[in-house]
Protein chains: 2
Amino acid sequence: MTADTPLWRQIAETLTAELANASPGDRLPSEARLAARFGVNRHTVRRALAALAEAGLVHARRGAGVQVTALPTDYPIGRRTRFHAALEATGRVPGRRVLSVETQPGLAEECAMLALPGGSPLVRAEGLTLSDGQVIGHFRSVFPVLPGLAAELARGEGVTRALAACGVSDYTRAWTRLTAVPADALLAGHLQLRRGEPVMRAVALNHDPRGQPLEYGITHFAGARVTLTVAPD
Amino acid sequence: MTADTPLWRQIAETLTAELANASPGDRLPSEARLAARFGVNRHTVRRALAALAEAGLVHARRGAGVQVTALPTDYPIGRRTRFHAALEATGRVPGRRVLSVETQPGLAEECAMLALPGGSPLVRAEGLTLSDGQVIGHFRSVFPVLPGLAAELARGEGVTRALAACGVSDYTRAWTRLTAVPADALLAGHLQLRRGEPVMRAVALNHDPRGQPLEYGITHFAGARVTLTVAPD
DNA sequence: TTAAATTTGTACGTATGTATG
DNA sequence: ACATACATACGTACAAATTTA
């Protein structure tokens, strides 16, 4: 996002971010208006819009404007499916390295996912997932504040054990959303990849047997090192 | 190819045709030379080259030239017979476009997955997965040879209906394996991505209610456009 | 090792055509 | 018919990476 990245790419990224709040069918401002807004030539805006169109996010029609065509498609894979990482089945030694555990006010999205009021304090944990000592994933999870949870998580014995120590005997996965994304610089560093290499993002919500949300987490797996298997129960 | 088609497209088509006699790694003439040859501005040539790059046929490197990455003959134009209308699908997929249906001896892996002797003839189907007319995935499936199956698949009425026409009333997913991989040139062309962009690979096995393998398929989804949701019942 | 030439990438500007509303 | 908006195509200039001398 600094001066060495092309103008058209900065504009494309800005517009992409803004599309998150848009709906399919919404019209973008005209190329001339966008050019005026960003203080660039119209062709520079066109280059940015071409990138968005190539990604399938927008669609331009001559005479009409540029419309938002599609947001990421939600693709249900099946109902009676159970989700587990392949490494559990292959007999490898799983492990994790907790990088940080903090208690902070949660972001709006995080609080909403945990069914808590906005700005509620949350326990945030970040770390790496290992297989035979090899880094295969990076996770970032938020939990509601439970007595002693942060300390238990920091011991690195795993989420299940930490929750059990806090009196939560069991929890189940409400849903998982999977998508393939390019690794950013931070992720590339954690997973020992190059920027842009494919990474699988798994966004998951876990809740207790009564349906109370317990954990909202985003995990990124190194695409080349991980296969997720979805199999019926 | 008349006067109403844009110059850049005419040039792109001309270059694509000429690539048939080229080999991967060959260098194209410089943009300046091509501009002189076609008698157009350099930007017009750039627009044409951008189209070729988008299709995964060439790759440009600043300072070096433009190189051929893949042969047009590897590109589906030669193999695809015709585009069929997208029809109703298996319930989860909004649309499908069947590109080709062939009966061929299966590869060892394919035969093994279908529990057939090596070298058995298989019905192979290839096509695109759509959502609102937008290409979101590319699939390649193999089936055991059933009477009339190839013809039914070729009609583009969907896998479910084709199997039903052959007496298979129902089938279920045995398992799905997911991993994130970079798009190769062929896939980039199909999914309208750039080479190397993240793609989610789903390898799936479907079988009939008695456990007999019916379909072994590999689908690649455009990472930016698809989210797979896994939810328990 | 250095310097120059080559080649693609970015950004600007201008003009005109064509479809839409 | 008219204004709006995207599409095409020309031009210039400079930056950045590579190749060549």
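The values are calculated or read from the model by the stated rules, or taken from the named source; none is laboratory data. Keep in mind that what you see is a predicted model, and the values were worked out from it rather than measured. Cβ: placed from backbone, ideal geometry, glycine included. Neighbour counts: every protein chain shown.
Within the stretch A:154-173, the presence of at least one residue that is within 14 Å of chain B (Cβ to nearest Cβ) and crowded, with 16+ Cβ neighbours inside 10 Å is confirmed. Of everything listed in (1) more than 14 Å from chain B (Cβ to nearest Cβ); (2) part of a helix (DSSP H, G or I), the single unmet condition for residue A:187 is (1).
Within the stretch A:163-173, being in contact with a strand residue (DSSP E or B) (Cβ under 9 Å, 6 or more places away or on another chain) and in a helix (DSSP H, G or I) holds for one residue alone: A:163. Against the condition closer than 27 Å to residue A:58 by Cα and either at pLDDT below 60 or assigned to a loop (DSSP other than H, G, I, E, B) (or both), how does residue B:64 come out, does it pass? Spelling it out, it is not the case that residue B:64 is closer than 27 Å to residue A:58 by Cα and either at pLDDT below 60 or assigned to a loop (DSSP other than H, G, I, E, B) (or both).
Taking the options B:34, B:52, name whichever one is surrounded by 17 or more Cβ atoms within 10 Å (Cβ to Cβ), more than 14 Å from DNA strand D (Cβ to nearest atom) and of a type outside the set (Gly, Ala, Ser). I'd like the intermediate steps shown before the answer.
Working: B:34 fails: more than 14 Å from DNA strand D (Cβ to nearest atom).
Testing whether each residue is surrounded by 17 or more Cβ atoms within 10 Å (Cβ to Cβ), more than 14 Å from DNA strand D (Cβ to nearest atom) and of a type outside the set (Gly, Ala, Ser) leaves just B:52.
Annotation: residue A:126 fulfils all but one of (1) within 12 Å of DNA strand D (Cβ to nearest atom); (2) at pLDDT 80 or above; (3) charged (D, E, K, R); the unmet one is (1). For the stretch B:108-153, the candidate set comprises residues that are over 22 Å from residue B:184 (Cα atoms) and among the acidic types (Asp, Glu); within that set, the residue that is surrounded by the fewest Cβ atoms within 10 Å (Cβ to Cβ) is B:132. Name the single residue, out of those in the stretch A:27-42 being assigned to a loop (DSSP other than H, G, I, E, B) and either farther than 15 Å from residue A:12 by Cα or within 8 Å of DNA strand C (Cβ to nearest atom) (or both), that is nearest to the other protein chains (Cβ to nearest Cβ). Filtering the stretch A:27-42 for residues that are assigned to a loop (DSSP other than H, G, I, E, B) and either farther than 15 Å from residue A:12 by Cα or within 8 Å of DNA strand C (Cβ to nearest atom) (or both), the one nearest to the other protein chains (Cβ to nearest Cβ) comes out as A:41. The residues of the stretch B:2-26 that are within 9 Å of DNA strand D (Cβ to nearest atom) and within 14 Å of another protein chain (Cβ to nearest Cβ), listed by number, are B:6, B:8.
Determine whether residue A:6 is touching a Ser or Thr at 6+ places or on another chain (Cβ under 9 Å) and modelled with pLDDT under 65. When the stated conditions are applied, residue A:6 does not pass them.
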